[in-house]
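Remarks on the structure that follows.
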Amino acid sequence: MSTLPSLIGFCVRIGTEDIPLAAHLAVAGPRLPLQARAAGTVLSGTGVSPQGNGAEGRGGLAVDDGVAVVLAGELYHRDALAAAAATSACTDAELLLACYQCYGPAVFRILNGRFAALVLAAGQVVLATDHASSVPLYVRTTDRTVEVSTEAKALARPPDNAVVDGHGDLAGTVPVAGSPGLHRVRAGTVALLERSATARIPVARAVRTWTPPVSRIMMEPDRAVAAVADRLDIAVRTRLAGEAPTLVLSGGIDSSALAALVSAVQTPARTVSMGTEVADEFEAARAVASHLGTEHTELTVPARDLLRELPFAVAAAEIHDPDVLEYLLPLVALYRRLPGPSRRILTGYGADIPLGGMHRTVASLAELDEIIADDMSTFDGLNEFSPVLSGVAGHWSSHPYWDRDVLDLLVALEPGLKRRDGLDKWVLRAAMADRLPMQTWQRRKLGIHEGSGLNSIWSQALREAGVPPDTVASAKRTMARQLYASVVLSGTPADQVDVDMLLMREVG
Ligand code: ATP
Ligand code: MG
């Protein structure tokens, strides 16, 4: 039986008149104007429901005693939550509802999960992201509606004749450029919307539920190593949910560490690696797979086909930053080639951010820590963890290094535990030293865009189209912006965008 979340995305429109000024919400289950399904199915039209039923995603909806909850994604530490709220709730939405009835909006300070949530309660529309905004959440308020969606493209245009908030200011959110009145809820934030007696458009106030730690912990190296192994192990186990996940494995330390942890629980673990004819990391991944005895698959994607995945990557991530797209595109290409049925996927994505793994050449620990602090305060809005990246192919992905408890620890460890004995990501490497082949835990970092050759493939395609070498970087930016305008702002289906035409346009 599949244990994937019943809902991975939603789009809900609430009439402003349905938000009572008084303190009680009269809405009952069937009246909730809900259009909530797997995001891939409804919003981008390219995926399937992760449950394979294509249905209304009832598991993501819970209503009781004047409170309605819509939850896309999943919660971790469920048993502790159920005990705290004294509930025997069986779905995550029911559990959130029970906890909300106990704690109110402060519940979002307690949750460790991968979710976006909408709560209608006591005259309020409550919008909440998890600590990392790992399921992005968008909102537009007008004089007639509050529209909420986990994908911007569903709300790209305001409803006809609606008066859109012209101030561009909605507490707890940031405006989305190019889409009038559209806002993205910030990471680790609850935006509480209320109808006001004076303003036509509902107003918001914000509650922060998580911020990246800015202090650092001194710890005995042995204790730090044990703590990292322990928290990561818990994060992996909670994400298995009783079934064999598919781990996307590069052979780098981040994904190999997860392969070791999964293999300790689930044998054989399933691992898959992708490469192109330009570059691959197959040998490194194979070494890990055979050491751990995983059921391993290799997928080679022709370089030109990889570039044709760009519209899907932009449509899924809803961003136009070419550097981030270079990281995400190989994964989207891989997810779209995984055979069905819908899978639970684990990735090692994101470990480098709290551990400073991309910055082995910086001179001092002070500089390393500054970079980590800066990266942790600028990740929001990059959508690197969006479930739509795999959702476009019907799969549910999650990222144990960005589990809230793992992340809190990794960020807070003092930088001398991250760079030590001439190794980057030392504390992680040391935690896995006895579980992986020596060549793996000592292996230097290679980014996914390098391992798959994507960075050179995109540049090469532009040069072949006639773009002068010194303008390749700006041509990438332009291409990414054009794709964003097309598949996000105009809602063109990704499979109708001709990447070869776009490349040619760059020359003109
Ligand atoms: P390292 O950072 O040390 O190279 P890593 O390769 O595991 O470790 P990243 O390079 O940051 O991590 O890549 C992010 C994640 O993307 C990986 O942990 C892995 O889950 C996935 N990934 C990267 N490259 C591939 C690949 N070629 N095939 C399958 N999955 C990959
Ligand atoms: Mg790598």
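The values are calculated or read from the model by the stated rules, or taken from the named source; none is laboratory data. Note that the coordinates shown come from a computational prediction; the quantities given were computed from them, not determined experimentally. Note that we place each Cβ from the backbone using ideal geometry, even for glycine, and neighbour counts take in every protein chain shown. Ligands, DNA and RNA are excluded from the accessible area calculation, which covers all protein heavy atoms including side chains. Shrake-Rupley method; radii C 1.70, N 1.55, O 1.52, S 1.80 Å.
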Practice task
For residues that are open to solvent by 30 Å² or more (accessible area, probe 1.4 Å) and either more than 25 Å from residue 417 (Cβ to Cβ) or within 12 Å of ligand 2 (Cβ to nearest atom) (or both), tally how many sit in segment 245-288.
Solution key: 11
Exercise for the section: Search segment 86-114 for residues that are β-branched (Val, Ile, Thr) and pair each with any residue that is crowded, with 20+ Cβ neighbours inside 10 Å when their beta-carbon atoms are under 6 Å apart and the residues are at least 6 apart or on different chains. Expected result: 87/98; 107/99; 107/100
Exercise for the section: Out of 144, 205, 195, report the one residue that is under 22 Å from residue 96 (Cβ atoms), surrounded by fewer than 23 Cβ atoms within 10 Å (Cβ to Cβ) and among the charged types (D, E, K, R). Expected result: 205
Exercise for the section: Give me a count of the residues in segment 259-288 that are farther than 18 Å from residue 334 by Cα and not in a loop (DSSP other than H, G, I, E, B). Expected result: 8
Fill in the blank from the handout: Matching residues in segment 415-435 (outside any helix (DSSP H, G or I) and either within 27 Å of the chain's Cα centre (by Cα) or buried (at least 22 other Cβ atoms within 10 Å of the Cβ) (or both)) number 4
Exercise for the section: Could you please let me know if residue 250 is in a loop (DSSP other than H, G, I, E, B) and within 10 Å of ligand 1 (Cβ to nearest atom)? Expected result: yes
Problem - Set 186, 216: member being at pLDDT 90 or above and in the same structural domain as residue 14 (by TED's automatic domain parsing) - result: 186
Exercise for the section: Kindly indicate whether residue 502 is outside the structural domain of residue 341 (by TED's automatic domain parsing), at pLDDT below 95, more than 16 Å from ligand 2 (Cβ to nearest atom) and in a helix (DSSP H, G or I). Expected result: yes
Exercise for the section: Mind telling me which of the residues 173, 129, 142, 91 ends up being polar (S, T, N, Q), in the same structural domain as residue 62 (by TED's automatic domain parsing) and under 14 Å from residue 13 (Cβ atoms)? Expected result: 142
Completion exercise
Residue pairs qualifying under the 7 Å Cβ cut-off, at least six apart or on distinct chains, with the first in segment 253-267 being assigned by TED's automatic domain parsing to the domain that holds residue 357 and the second being near ligand 2 (Cβ under 10 Å from one of its atoms) and modelled with pLDDT under 95, are 253/443
Exercise for the section: Among the numbered conditions (1) more than 16 Å from ligand 2 (Cβ to nearest atom); (2) in the same structural domain as residue 307 (by TED's automatic domain parsing), tell me where residue 432 comes up short. Expected result: (1)
Handout entry: strands (runs of 3 or more DSSP E) completely within segment 295-408 that count 1 or more residues being open to solvent by 20 Å² or more (accessible area, probe 1.4 Å) and in contact (Cβ under 8 Å) with a residue 12 or more places away in the chain
Key = 295-300
Practice task
For residues that are under 20 Å from the mean Cα position of the chain (by Cα) and hydrophobic (A, V, I, L, M, F, W, C), scanning just segment 227-247, find the one that is nearest to ligand 1 (Cβ to nearest atom).
Solution key: 247
Practice task
Just give me the residues in segment 442-454 being open to solvent by 50 Å² or more (accessible area, probe 1.4 Å) and either more than 11 Å from ligand 2 (Cβ to nearest atom) or of a type in the set (D, E, K, R) (or both), in sequence order.
Solution key: 442, 443, 444, 450
Exercise for the section: Quick one: which residue in 75, 96, 155, 71 is of a type in the set (A, V, I, L, M) and touching a Pro at 6+ places or on another chain (Cβ under 9 Å)? Expected result: 71
Exercise for the section: Among the candidates 225, 214, single out the residue that is within 30 Å of residue 419 (Cα to Cα) and buried (at least 19 other Cβ atoms within 10 Å of the Cβ). Expected result: 225
